1. Within the range 215-233, is there a residue that is in contact with a Ser or Thr (Cβ under 8 Å, 6 or more places away or on another chain) and under 30 Å from L373 (Cβ atoms)?
2. Could you tell me whether G212 is in a loop (DSSP other than H, G, I, E, B) and over 27 Å from A378 (Cα atoms)?
3. Checking K179 against (1) under 29 Å from A251 (Cα atoms); (2) touching a helix residue (DSSP H, G or I) at 6+ places or on another chain (Cβ under 7 Å); (3) of a type outside the set (S, T, Y); (4) outside any loop (DSSP other than H, G, I, E, B): exactly one of these is not met. Which one?
4. Sort through I56, I95 and tell me the only one that's touching a Gly at 6+ places or on another chain (Cβ under 7 Å), surrounded by 15 or more Cβ atoms within 10 Å (Cβ to Cβ), in a strand (DSSP E or B) and at pLDDT 95 or above.
5. Taking S275, is it over 21 Å from R162 (Cβ atoms) and either assigned by TED's automatic domain parsing to the domain that holds L399 or among the basic types (K, R) (or both)?
6. Just to be sure I understand, how many residues within the range 119-143 are under 26 Å from F204 (Cα atoms) and either of a type in the set (D, E) or in contact with a Leu (Cβ under 6 Å, 6 or more places away or on another chain) (or both)?
7. Starting from the range 256-272, take each residue that is touching a residue at least 40 places away in the same chain (Cβ under 8 Å) and list its partners that are in a helix (DSSP H, G or I) and of a type in the set (G, A, S), counting only C-beta distances under 6 angstrom and pairs at least six apart or across chains.
8. Determine whether A251 is free of Cβ contacts under 8 Å to residues at least 12 places away in the same chain and aliphatic (A, V, I, L, M).
Amino acid sequence: MTTSNTQMSRRTLLLGSAALGGLAAFGSSPSRAQTGPVRFGIFGNAQKLEIRGKSIARFNERHPNIPVTFEGIPSASWPDKIAAMIAGGNAPDVITLGSEDLPQYASRGALTPLDKFIPALFRADLFDKTVLDLGRIDDKIYGVPIAVSIQGLAYNQSALERIGMGELPAAWNYDEFAKFCADIHRADPNLYGSHDGAARLDAFQMYLISQGRSLYSNRKLSVTADEVAAWLDYWDKMRKSGGAVPADLQAQFTGTEWPNSPLVKGKAVFASIASQDLSGGYQALTKDTLSITTPPSAAPGGSPGYFPQPTSSLCLYSKSRNQEAAVKVIDWFVSDPESAKILGLISGPPASKPALQAVLELTDLAPVDQRVLKYSQAALAKAEPAPPPQVAGRAMEDLMRRVNEDVGFSKSSVKDAAQAFINQGNALLRRA
């Protein structure tokens, strides 16, 4: 994210929080984490934080005896910020974590399991077991999913229509996808087919699941260097055909700073995304019409290998002095129909059953939200079981991006990059 965009996001957030009576606190003293109002910490872009702040503001109106301060932080800043706050013993009572960070903090004792608060304060029966299991580590519930995400393939419908390629197949395999993307670049040499999907670890996991394989087994990699090389080579050929963006363009976008994405910049037609990000991130930044479709599969007619993930999960800080009140806030945010109506689909389809029903009954959903909801419900019904979370998940994501960039910038051969992924990946998993 550029400096100007970062400043704009923070300024918008601060103004929105002031209007809501919440706080965007960047560095409270340890005593505030132990006494006083419940601190609710969450990340997102300015739009998401403003809407989420409204839910907390409504909780404050409904429950004046449980004051809550809203601490919203831009997504790109959140991993370092929450790591520093936890290390300093000054984290919010409610901590929002992505699926790649949840196992790490649970294993380090930074989180309190919610099981002892069921059913008095947290209504676990409002969730399907498979959904609640997305936040379960070592048979304990450490995180409550806010919403359920599934992988999708975003595309610029307007761009396809401009070059006369508006019709997409109902399903395709990777070879068919590569040809379609190369045809886009031939039709318009200033336009590339897709983001470079090799940089996304979840896309590689889908590629393996589509073949009946898995990435991990017993805290080590269960793939060979040749299998990793096949993945990296596919995308290297995509770059060379114009089917995927060049390495320098992809390197500007690591996944959350949407203004830098080739899709938003009008440089690429397709992008592998989490379903909720079409509405909550990409569409708001372009006047073109964006939509979402099924990712390719490894074999014709096969599953694309997609699987459910929590968009993010609400967790209870282990050092919180307000644990019971914090659990009540968690329960409100994820399950109360009134909260759901405020949040809408800003995070994707809600994880709890009453919240999802409340969203389904909304009559004023934007067209892009309707597209996301339709796609998500259809895809989740056919999804594969979610792979178990890994403590080293975030480090593995960074590793995949680095080895792919080494290939893209001609710093390494495909073979050597694949072997580096195996060697370094297993080392990361051993240390986790």
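The values are calculated or read from the model by the stated rules, or taken from the named source; none is laboratory data. The structure displayed is predicted, hence computed values, not measured ones. Counting neighbours? That spans all protein chains shown, and the Cβs are built from the backbone with ideal geometry, glycine included.
1. Going residue by residue through the range 215-233, those that are in contact with a Ser or Thr (Cβ under 8 Å, 6 or more places away or on another chain) are 215-216, 222.
So of that shortlist, the ones also under 30 Å from L373 (Cβ atoms) come out as 215.
Scanning the range 215-233 turns up at least one residue that is in contact with a Ser or Thr (Cβ under 8 Å, 6 or more places away or on another chain) and under 30 Å from L373 (Cβ atoms).
2. It is false that G212 is in a loop (DSSP other than H, G, I, E, B) and over 27 Å from A378 (Cα atoms).
3. (2)
4. Every option except I95 fails the conditions.
5. yes
6. 3
7. Close Cβ pairs (under 6 Å, with a partner that is in a helix (DSSP H, G or I) and of a type in the set (G, A, S)) amount to T256/S75; T256/A76; E257/A76; W258/G281; V269/A159; S272/G197; S272/A203.
8. For A251, the condition - free of Cβ contacts under 8 Å to residues at least 12 places away in the same chain and aliphatic (A, V, I, L, M) - is not met.
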